[in-house]
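Taking it in order: structure first as C-alpha cells, then the write-up.
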Amino acid sequence: MAMLEVKDLHVSYGMIQAIKGVSFEVNEGEVITLIGANGAGKTTILHTVTGLLKPKSGSILFEGKELSTTAPHKIVKYGMAHVPEGRRVFAGLTVYENLIMGAYTRNDKNEIEESLNMIYKRFPRLEERKKQLAGTLSGGEQQMLAMGRALMSKPKIILMDEPSMGLSPLFVTEVFDIIKQISASGTTVLLVEQNAKKALSIADRAYVLETGKIALTGNAKDLINDDKIKKAYLGE
Amino acid sequence: MNSFISYLASGISLGGIYALIALGYTMVYGIAKMLNFAHGDVIMVGGYTIFLAITSLSCPIWLSLLIGVLVCTALGVTIERIAYKPLRGASSISVLITAIGVSYLLQNLALNILGSDAKTFKSVVTLKPIVINEGLKISGETVVTIIVTVVIMIALTLFINKTKMGRAMQAVSEDKGAAQLMGINVNFTISMVFAIGSALAAVAGALLCSTYPQISPYTGSMPGIKAFIAAVFGGIGSIPGAMLGGLLLGVIENLSKAYISSQLSDAIVFAVLIVVLIVKPTGLLGKKINEKV
C-alpha cells in the first residue's frame, strides 16, 4: 500500500473549483513531484493534504489514516511535515526558536537536542545565525530555516512547496542538493515546483497538473524527455 | 518634594493597574487580531465576584481573590468560544461590533442583577500605610499594587519567552497557518491567551476597587478605555509596550491631576497619545520587523 494515497480530491474556494478530481500516490522512500503552471492547483493540493484546507470530497490516506477530517495540528504528529510556499518562518523569533517550534509535537529534550545538532550540521549557516531574528535572514537562508524547521518534527514524509522560488541560482542548486540528501536519509519527499527541469532531475515519479486535474503522469526520467513536457514546461 | 513622591507613587500604582489591563488587550490583539472591548467589563465582573465572595459568602480574602480570578478566566474563555470564535475569518468590523455588544451585555446583566448603585468595596489589601517621614505616607494599596504588577510582568515575560506555550503564542500571533504546520493547536492557544488576559483583569479589578473603594456596573469601562489607550500608546501587540504604556499613562494622569488640573487630566492623557501617534504611528515599542524578501 502506498504511504500517501490521495483519491478523487475535489477542493473549492467558494464557487470556484480549484481541484477537480485529483488522485495520486506516494510510496515510502520516493521523491514525487507535482509540476504545473501557476494556478494549476499545486499549492491547494498540499494545503489540503496537511489540513489547512478542507476538501469538498475525496479521501487522503496517510499510512491508512484519513487526513481530510483530521485537524492540521494532529497531522504533524502522524509524521508529516510541510515546508510552505513563501517559507513562512516566524520573523520575530530567533533562528533557534524557529527550529524549536518545529519540534513542538515532540517531548524528549535529549532527542530534540540531537535533532537540532543534526540540523546545524546539515545547515551550518543556521548555527552561525542561531541567535538572529529569522526575519533578518536572506531568502535562501530563510528557505534553509523553513526546511530545518520542518525536519525538526522528524517527519516520515516532507511536503515542500516551491522551495526554489525567488532564490538566486546558486541557492537553487543548494536547495535541490539538500532535497536529495533528505531523501537519501530515508525521508519520503513530495515536491511541488515550477522549476520543472530541476524537479524532474531529482524525482522518481512526477504528476503534471493542469487547471485542477492530473494531465500526465510517469517516471521522471521519461517525462524529462517527453516532447509535450519539453515544450510546455521545460522551455525547450 | 514629599507630595511629588506621593503623587508619583500613586501614579505608578494606577499605571500598574492600567498595564495589567492593557496586557489583556495587547495579547488578545496580537493573537486574534481583534480589539476585545469587553475586556474592561471583565474587570467589573472580577470586582463584583470578589465583593460578593467577601460580603455574601464571608470567604477569606485569599479565597475571594482566587474565586475572582477563576470566574474571570472562565468568563474570558467562554466569551471567546461563544462570541468571537464563530467569527474567525469574518471582517474585523463584525468582530468589533460583537465585542462592543458583549461589553454592553455584561454591563446590563450587572445592572439587572446587582442594581445601578455603587457599592462600597472593602479593600483586599491589609498592609498598613508605609510612613517614610512625617509628611510622606504611602498607602498599602499603592505598595501592594506596585509589587503585584512587577511580579506579574516578570512572570509573564518569562512565560512568553521561555515556555513552550509562550512560544506557541508568539508563533500563532505571527502566522496561524505556519503555526498549525508545527503541530500547534491554534484554537487552544487562543483560548489560553483569553484565559491569561482575563485572569489579569481579575487581579486588576481587585487592585482597582481596593484603591478607589467603590464598585458599580460601570467600574470597568473607563479603566478599560484608558488601558486600551495605554496598549496603543506602547504599541499594540507588544507586551513590553503595554507595560510601559500603562505605567506612563498612570503617571501622566496622576501628575497632571496634581499639578495642572484634575478636570483636564484626561484631555492631557489623550493629547499625549495623539502626539506619540503622530511622531511614531506604531506606538512607543511597536515595531515593524524589517523582513528581507
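Read-outs throughout are calculated quantities, based only on the coordinates presented, and are distinct from any laboratory measurement. Because the structure is a prediction, the values reported are computed rather than measured. Here the Cβ positions follow ideal geometry from the backbone for every residue, glycine too, while neighbour counts run over all protein chains shown.
Let me make sure I get this right: for region A:107-229, a, b and c are the square roots of the gyration tensor eigenvalues over alpha carbons, sorted descending. Under 1.5 in a/c it's rounded, otherwise prolate if a/b > b/c, else oblate. Which is it? Cα axes put region A:107-229 in the prolate bin. For the residues of A:101-112, the average number of beta carbons from a partner chain within 10 Å of their own beta carbon is 3.
Taking 16 Å as the straight-line reach from the Cα of B:Lys122, the aspartates and glutamates in range (excluding those fewer than 8 positions away in the same chain) are B:Glu141.
Just the number: Rg to Rh for region B:161-204, Cα atoms, Kirkwood Rh, two decimals.
Rg/Rh: 1.03.
For region A:21-121, the average shadow cast by the Cα convex hull is 8.3 nm², which is a quarter of the hull's surface. When the square roots of the Cα gyration tensor eigenvalues are ordered a ≥ b ≥ c, the ratio a/c for region B:42-199 is 1.5 or more and a/b does not exceed b/c, which makes its shape oblate. Under 13 Å between alpha carbons, and skipping anything fewer than 8 positions from A:Lys198 in its own chain: which aspartates and glutamates qualify? Excluding near neighbours in sequence, the set is A:Glu162, A:Glu174, A:Asp177. Eigenvalues of the alpha-carbon gyration tensor of region A:1-62, scaled by 5 and square-rooted, set the equivalent ellipsoid semi-axes at 20, 14, 9 angstrom, largest first. Each label point was placed 7 Å from the Cα along the Cα-to-Cβ direction; for B:Ile260 and B:Asn108 their separation is 3.7 nm. The loop-placed trypsin sites (Lys or Arg not before Pro) in region B:70-135, going by DSSP, that have at most 16 neighbouring Cβ atoms within 10 Å of their Cβ come out as B:Arg88, B:Lys122.
Mind telling me which of A:Ala150, A:Ala81, A:Ala184 comes out most flexible in a GNM of chain A, alpha-carbon contacts under 10 Å? Maximum fluctuation in the GNM of chain A, among the listed residues, is at A:Ala184. Projection of the Cα convex hull of region A:117-189, averaged over all directions and equal to a quarter of that hull's surface, yields 4.8 nm². For the pairs A:Lys54/A:Lys77; A:Lys42/A:Lys221; A:Lys213/B:Lys33; B:Lys164/B:Lys226; A:Lys180/A:Lys230; A:Lys42/A:Lys180, flag any whose C-alpha to C-alpha distance is greater than 27 Å. From A:Lys54/A:Lys77; A:Lys42/A:Lys221; A:Lys213/B:Lys33; B:Lys164/B:Lys226; A:Lys180/A:Lys230; A:Lys42/A:Lys180, over 27 Å: A:Lys213/B:Lys33; B:Lys164/B:Lys226. The mean number of partner chain beta-carbon atoms within 10 angstrom of a residue's beta-carbon across peptide B:170-180 is 6.
Percent of Cα pairs in chain A per distance bin of 5 Å, from zero to the largest separation: 1, 7, 14, 18, 20, 17, 12, 7, 3, 0, 0. Restricting the trypsin sites (Lys or Arg not before Pro) of region A:117-148 to loop positions (DSSP other than H, G, I, E, B) with no more than 12 neighbouring Cβ atoms within 10 Å leaves A:Lys131. Based on DSSP H segments of at least four residues, each scored -39500 (n - 2.57), chain B has a per-residue ellipticity at 222 nm of -24000 deg cm²/dmol.
What fraction of the Cα pairs in the protein assembly as shown, stated in percent, has a spacing above 31 angstrom?
54
Secondary-structure-derived ellipticity at 222 nm for chain A, considering helices only, amounts to -10000 deg cm²/dmol, per-run term -39500 (n - 2.57) for DSSP H runs with n ≥ 4.
When the alpha carbon gyration tensor of region B:162-243 is reduced to an equivalent ellipsoid, the three semi-axes, largest first, read 30, 14, 10 Å. Applying 1/(1 + (r/R0)^6) with r as the Cβ-Cβ distance of B:Phe4 and A:Thr94 and R0 = 41 angstrom yields a FRET efficiency of 0.45. Spatial offset of region A:141-162 relative to region A:23-45 amounts to 16 Å, using the alpha carbon center of each.
Roughly what angle does helix A:169-184 make with the longest principal axis of chain A, taking Cα atoms, 0 to 90 degrees, to the nearest 10? It works out to around 90 degrees. Summarised as an ellipsoid, chain B has semi-axes of 30, 24, 18 Å, derived from the eigenvalues of the Cα gyration tensor scaled by 5 and square-rooted, with the largest first.
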